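Peer 1: Before anything else, here's the structure in question.
The values are calculated or read from the model by the stated rules, or taken from the named source; none is laboratory data. All values reported here derive from a predicted model rather than from experimental measurement. We place every Cβ from the backbone using ideal geometry, glycine too, and count neighbours over all the protein chains shown. The protein model used for the area step is the full one, side chains on, heavy atoms only, and it has no ligands, DNA or RNA in it. Shrake-Rupley method; radii C 1.70, N 1.55, O 1.52, S 1.80 Å.
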Amino acid sequence: MMGQKQHVVLLIFSAFLLFQTSNAHNITRLLAKHPSLSTFNHYLTLTHLAPEINRRTTITVLALDNAAMSSLLDKNPSIYTIKNILSLHVLLDYFGAKKLHQIRNGTALAATMFQATGVAPGVSGFVNITDFKGGKVGFGAEDNGGSLNSFFVKSVEELPYNISVIQISKALPSVVAEAPTPGPSELNITGIMSAHGCKVFADTLLANPEAMGTYEDNVNGGLTVFCPMDDPFKAFLPKYKNLTASKKASFLEFFGVPVYQSLSMLKSNNGLMNTLATDGASKFDFTVQNEGEEVTLKTRVNTVKITGTLIDEQPVAIYTIDKVLLPKELFKAALSPAPAPAPEEAADSPKGSKSKTKSKSKTKSKAAPTPDSDSPAESPDDDPADQVADDDNAAMCFGAERLAVVGLSFLLVFFLL
């Protein structure tokens, strides 16, 4: 009897391990087994689309063979235009060979990774899939006048309902995806911010050559910016003007991260994040936390929420935030006093507690200021709830699905015993 129970426990544990690994896939390894798709595989890596594909589940890659890629490259598109074109070939849904021939009503419209970037206007980031009579399946970009001039060739790799790699006959033509795309060094990041509700922050950044130079130096290598909207930053300006020159530069650099972080990356990663202002002991970091579709940034002073995406094209991403995020190196948490207890309850009132955070940070060549007596003591935000630090929440958390599997496993073992 005991041996039978151990066997059941082993089966449960094996199932849990299978669940842990079932969502993992690596597009470059899958394609490496097919030499005829080597050029396509190379450009997925070169454009940094491969990591994005690997982070997603329920996805379909419309692969192009070397001949089809050669026709595409003959037009001499920039690497950034190639990225847009190839991202149109990544569907955000699972289509195995069997499903392609079982499409309801014979046609389906699938969103793509190009659509998810926010760059594609209207329906230009969607792909039409039509199952013709005789087993022929056609594909076409929705902004191509309804023309379906690329066809299903074969199924390359399938991990059911996780990732499907399908070869199609030629690249999907799209005027929007094929349009010339400026390189990151040509991007006017302050212009993008100014045009989308972050003009006060952008103007302040432009007025500070030291901070602006730091942003420009990081554009090509990877840059993520979290810009406060106009109203909260305008209300904060009086406190900003009280900072010393060096602290103004560090404060503005605090809103930039020296690596590219797509929104999907931010939604899947919790933890500390260094900034352009990080320099040894002067950490100038914050904690990224996510719950469902909501992503928040948190310091020991306050918490802000990401409210929109201005641009999300590697190597640059710019997001809007609803309030001004305050670094603990320059500001102190303005804790609101607790209400006085009634006389008969005073003896039983609980004492407040403080939390401490230990973190590691990357080094940066320029020195950043340390907090001192002339640092502003209060935050511009009026919401006391945002002023309380709770660094315990920075711990990495398991996904709900995995916790459910663990819980069910232990419950089953309990009943068997």
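Peer 1: Filter segment 215-237 down to the residues that are over 22 Å from the mean Cα position of the chain (by Cα) and either basic (Lys, Arg) or open to solvent by less than 20 Å² (accessible area, probe 1.4 Å) (or both) and list them by number.
Peer 2: 233, 234, 236
Peer 1: Filter segment 267-323 down to the residues that are among the basic types (Lys, Arg), more than 15 Å from residue 253 (Cα to Cα) and in contact (Cβ under 8 Å) with a residue 24 or more places away in the chain and list them by number. Walk me through it before giving the result.
Peer 2: Filtering segment 267-323 for residues among the basic types (Lys, Arg) gives 267, 283, 298, 300, 305, 323.
Then drop every residue that is not more than 15 Å from residue 253 (Cα to Cα), which leaves 267, 298, 300, 305, 323.
Listed by number, the residues that qualify are 267, 298, 300, 323.
Here is a yes/no grid of residues against (1) crowded, with 18+ Cβ neighbours inside 10 Å; (2) more than 19 Å from the chain's Cα centre (by Cα):
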residue: 47; (1), (2): yes, no
residue: 60; (1), (2): yes, yes
residue: 63; (1), (2): yes, yes
residue: 68; (1), (2): yes, yes
residue: 71; (1), (2): no, yes
residue: 78; (1), (2): no, yes
residue: 85; (1), (2): yes, yes
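Peer 1: Go through segment 181-203 residue by residue and tally those that are over 30 Å from residue 130 (Cβ atoms) and part of a loop (DSSP other than H, G, I, E, B). Spell out how you get there, then give the answer.
Peer 2: The initial filter retains those residues of segment 181-203 that are over 30 Å from residue 130 (Cβ atoms), namely 182-203.
Okay, now just the ones that are also part of a loop (DSSP other than H, G, I, E, B), so 182-183, 187-188, 195-198.
Final tally of qualifying residues: 8.
Peer 1: If we keep just the residues of segment 189-214 that are of a type outside the set (A, V, I, L, M) and buried (at least 20 other Cβ atoms within 10 Å of the Cβ), which is farthest from residue 320 (Cα to Cα)? Before you say what the answer is, go through the steps one by one.
Peer 2: Of the residues in segment 189-214, the ones of a type outside the set (A, V, I, L, M) are 190-191, 194, 196-199, 201, 203-204, 208-210, 213-214.
Filter again for buried (at least 20 other Cβ atoms within 10 Å of the Cβ), leaving 190, 198, 201, 204, 214.
Numbers: 190: 13, 198: 8, 201: 11, 204: 16, 214: 20 Å.
Restricting to residues being of a type outside the set (A, V, I, L, M) and buried (at least 20 other Cβ atoms within 10 Å of the Cβ), the top hit is 214.
This table checks each residue for (1) open to solvent by 10 Å² or more (accessible area, probe 1.4 Å); (2) in the same structural domain as residue 56 (by the TED database); (3) outside any helix (DSSP H, G or I).
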position: 247; (1), (2), (3): no, no, no
position: 250; (1), (2), (3): no, no, no
position: 260; (1), (2), (3): yes, no, yes
position: 266; (1), (2), (3): no, no, no
position: 277; (1), (2), (3): no, no, yes
position: 284; (1), (2), (3): no, no, yes
position: 290; (1), (2), (3): yes, no, yes
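Peer 1: With 148, 172, 109 as the choices, which residue is in contact with a strand residue (DSSP E or B) (Cβ under 7 Å, 6 or more places away or on another chain), open to solvent by 20 Å² or more (accessible area, probe 1.4 Å), part of a loop (DSSP other than H, G, I, E, B) and touching a residue at least 12 places away in the same chain (Cβ under 8 Å)? Walk me through it before giving the result.
Peer 2: Details: 172 fails: open to solvent by 20 Å² or more (accessible area, probe 1.4 Å); 109 fails: part of a loop (DSSP other than H, G, I, E, B).
Step by step, each of 148, 172, 109 is checked, and only 148 is in contact with a strand residue (DSSP E or B) (Cβ under 7 Å, 6 or more places away or on another chain), open to solvent by 20 Å² or more (accessible area, probe 1.4 Å), part of a loop (DSSP other than H, G, I, E, B) and touching a residue at least 12 places away in the same chain (Cβ under 8 Å).
Peer 1: Okay, next question. Against the conditions (1) touching a residue at least 12 places away in the same chain (Cβ under 8 Å); (2) within 27 Å of residue 262 (Cβ to Cβ); (3) surrounded by fewer than 18 Cβ atoms within 10 Å (Cβ to Cβ); (4) not polar (S, T, N, Q), where does residue 101 fall short? Just the number, please.
Peer 2: (2) is the only condition that residue 101 fails.
Peer 1: Could you list all residues from segment 23-46 that are among the hydrophobic types (A, V, I, L, M, F, W, C) and in a helix (DSSP H, G or I)? Please lay out each step first, then the result.
Peer 2: Step one: of segment 23-46, the residues among the hydrophobic types (A, V, I, L, M, F, W, C) are 24, 27, 30-32, 37, 40, 44, 46.
Across segment 23-46, the qualifying residues are 27, 30, 31, 32, 37, 40, 44, 46.
Peer 1: How about segment 71-92: which of its residues are without any contact (Cβ under 8 Å) to a residue 24 or more places away in the chain and either of a type in the set (Asp, Glu) or in contact with a Phe, Trp or Tyr (Cβ under 6 Å, 6 or more places away or on another chain) (or both)?
Peer 2: 74
Peer 1: If residue 153 passes every condition in (1) open to solvent by 50 Å² or more (accessible area, probe 1.4 Å); (2) not assigned by the TED database to the domain that holds residue 131 but one, which one does it miss?
Peer 2: Among (1) open to solvent by 50 Å² or more (accessible area, probe 1.4 Å); (2) not assigned by the TED database to the domain that holds residue 131, the lone unmet condition for residue 153 is (2).
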